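Asker: Got a structure for you, questions after.
The values are calculated or read from the model by the stated rules, or taken from the named source; none is laboratory data. The shown structure was predicted, so the numbers you read here are calculated from the model rather than taken from an experiment. Quick reminder, even Gly has a Cβ in these numbers, built from the backbone with ideal geometry, and neighbours come from all protein chains shown.
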Amino acid sequence: MNVLTGEKRGLGLVEHRDFAGVPEEGMGLMRTVMVAHLIAPFFPKIVETNFGVTEKVFIDELYKYYGYRPPIFKMSEEIRIEKQKEEGEDLQKVEYASAHSGGLDSAYRLALMQEKKKPVVAVHLRNLNRKGNHEEFVASKKQCEEWKIPYELVRLRNNSKNDGFDTMRTRDFLLAIVSAVTVYPYGVSKVLVEGDMVEDPTKSHFSENAGAWKMFNKLIAEANLKMEVEGVDVGDIETVGEVIRLEKSLGMEIIPLVQNCFSATYQLPNSRRKWVRETPQIAKNSSEHWCGSCLKCRRMTMGRLLYQDPRFESVPKEEIAYFVKDTYDWLRKYRHNGDLVTASFLKHLEQLR
Ligand SMILES: [Zn+2]
């Protein structure tokens, strides 16, 4: 498809289970959200596609949300209706699915389902973001193997220009619809994604907005997918506490397998070195694939100290004091983190002082 610049941009699924039996309307909704994800950085007035866009209302609502007039759609070729694939193997019915990045929040959702004894299938959408895709793939797969949870991998060919903060205009809708279509053959009735949807449109992107999700669930129902998407959320640092509680109640190892470090692989040894030197007990009991210094790693360390991860039992007061002081210094030094640092993060840091 073409966007403003005339450059051809693409987004496709290159590795996935076959979509046997998924209603055509469901596939149509997925194509529509993919188109939305491609055009969201640009808001072109005219959108040319080589397939029919069925749920135009989704794109109209996206445009209106950001104060644009809905675009005009043109079709460049005949609609190609791909031949329905043969029926896949019979899958055991699973009631829940969870979008699974391999990070703390998604690990929490899977563990919570385990605790409730609800069968769940994890869907990992690879290449959704600009960075860390390989690490997230490896971690998410390993987690599901250890926890014996069925795992579906969808590899996205992501040549979109949709990245940075503004990717949240559409990103989570793309994640939700690809997950929904992927798990359709399991007969899933609920797809779990990260929660924390915001009511106020001035304080949230389209794919973080409560009203937009309500509309989206209606579209999913109309597309005959027979499921709904639900956001699950406990908070920021609070989630670390919940995961520690779940580890104890399930006798499951979760924390060491979590992957959400922001640092690039080549930066990691350098960041770690400081923590090994200054806070040897914390470093020794923190996974090798964490840098210790990025926002996500600090969130983890803070939560584990406050919510008493047993692995941190032997951490001396001086190390905690060093961590707190260093984190305050880091907040001052990297003010651009302000957008990402939550009230929960600051409140817990204060408690640790
Ligand atoms: Zn990190």
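Asker: Restricted to the range 333-345, and to residues that are closer than 16 Å to Ser293 by Cα and at pLDDT 80 or above, which residue is nearest to the chain's Cα centre (by Cα)? Working first, answer last.
Answerer: The initial filter retains those residues of the range 333-345 that are closer than 16 Å to Ser293 by Cα, namely 333-338, 340-341, 345.
Adding the requirement that they be at pLDDT 80 or above leaves 333-334, 341, 345.
Details: Lys333: 28, Tyr334: 24, Val341: 18, Phe345: 20 Å.
Within the range 333-345, the match that is nearest to the chain's Cα centre (by Cα) is Val341.
Asker: Which residues, counting only those in the range 125-175, are out of contact with any helix residue (DSSP H, G or I) (no Cβ under 8 Å at 6 or more places or on another chain), outside any helix (DSSP H, G or I) and of a type outside the set (Lys, Arg)?
Answerer: Gly132, Asn158, Asn159, Asp163, Gly164
Asker: Residue check, His205 against (1) in contact (Cβ under 8 Å) with a residue 60 or more places away in the chain; (2) buried (at least 18 other Cβ atoms within 10 Å of the Cβ); (3) more than 21 Å from Asn260 (Cα to Cα), all met but one. Which one?
Answerer: Against the list (1) in contact (Cβ under 8 Å) with a residue 60 or more places away in the chain; (2) buried (at least 18 other Cβ atoms within 10 Å of the Cβ); (3) more than 21 Å from Asn260 (Cα to Cα), His205 comes up short only on (1).
Asker: Among (1) modelled with pLDDT of 95 or more; (2) basic (Lys, Arg); (3) within 15 Å of the ligand (Cβ to nearest atom), there is one condition Lys296 misses while meeting the rest; what is its number?
Answerer: Result: Lys296 fails condition (1) only.
Asker: Just for the range 176-216: of the residues that are in a helix (DSSP H, G or I) and of a type in the set (Lys, Arg), which one is farthest from Lys93 (Cα to Cα)?
Answerer: Going through the range 176-216, the residues in a helix (DSSP H, G or I) turn out to be 176-186, 201-203, 206-208, 210-216.
In the following step, the residues that additionally are of a type in the set (Lys, Arg) were identified as 203, 214.
Details: Lys203: 39, Lys214: 26 Å.
This residue is Lys203.
Asker: Which residues, taken from the range 136-154, are among the charged types (D, E, K, R) and within 14 Å of the chain's Cα centre (by Cα)?
Answerer: Of all residues in the range 136-154, those among the charged types (D, E, K, R) come to 136, 141-142, 145-146, 148, 152.
Selection gives Glu136 alone.
Asker: Just for the range 253-286: of the residues that are assigned to a loop (DSSP other than H, G, I, E, B) and modelled with pLDDT of 95 or more, which one is farthest from the ligand (Cβ to nearest atom)?
Answerer: Taking the candidates together, the pick is Glu253.
Asker: Still on this structure, I have one more. Restricting attention to helices (runs of 4 or more DSSP H) lying wholly within the range 288-353, give those where 2 or more residues are among the aromatic types (Phe, Trp, Tyr).
Answerer: Numbers: elements: 295-306, 317-333, 343-352.
The qualifying helices (runs of 4 or more DSSP H) are 317-333.
Asker: Is it the case that some residue within the range 32-41 is within 23 Å of Tyr184 (Cβ to Cβ), modelled with pLDDT of 90 or more and surrounded by fewer than 16 Cβ atoms within 10 Å (Cβ to Cβ)?
Answerer: No, the range 32-41 has no match at all.
Asker: How many residues does the range 176-211 contain that are among the acidic types (Asp, Glu) and over 24 Å from Lys64 (Cβ atoms)? Can you show your working first?
Answerer: Of all residues in the range 176-211, those among the acidic types (Asp, Glu) come to 194, 196, 199-200, 208.
With the extra rule that they be over 24 Å from Lys64 (Cβ atoms), the set shrinks to 194.
Count: 1.
Asker: Can you tell me which residue among Lys83, Lys118, Lys8, Lys74 is surrounded by fewer than 22 Cβ atoms within 10 Å (Cβ to Cβ) and modelled with pLDDT of 85 or more? Working first, answer last.
Answerer: Working: Lys83 fails: modelled with pLDDT of 85 or more; Lys8 fails: modelled with pLDDT of 85 or more; Lys74 fails: modelled with pLDDT of 85 or more.
Matching residue, one of Lys83, Lys118, Lys8, Lys74: Lys118.
Asker: Every residue in the range 32-51 that is outside any helix (DSSP H, G or I) and touching a Phe, Trp or Tyr at 6+ places or on another chain (Cβ under 9 Å), please.
Answerer: Filtering the range 32-51 down to residues outside any helix (DSSP H, G or I) leaves 40-51.
Ala40, Phe43, Lys45, Ile46, Val47, Glu48, Thr49, listed by residue number.
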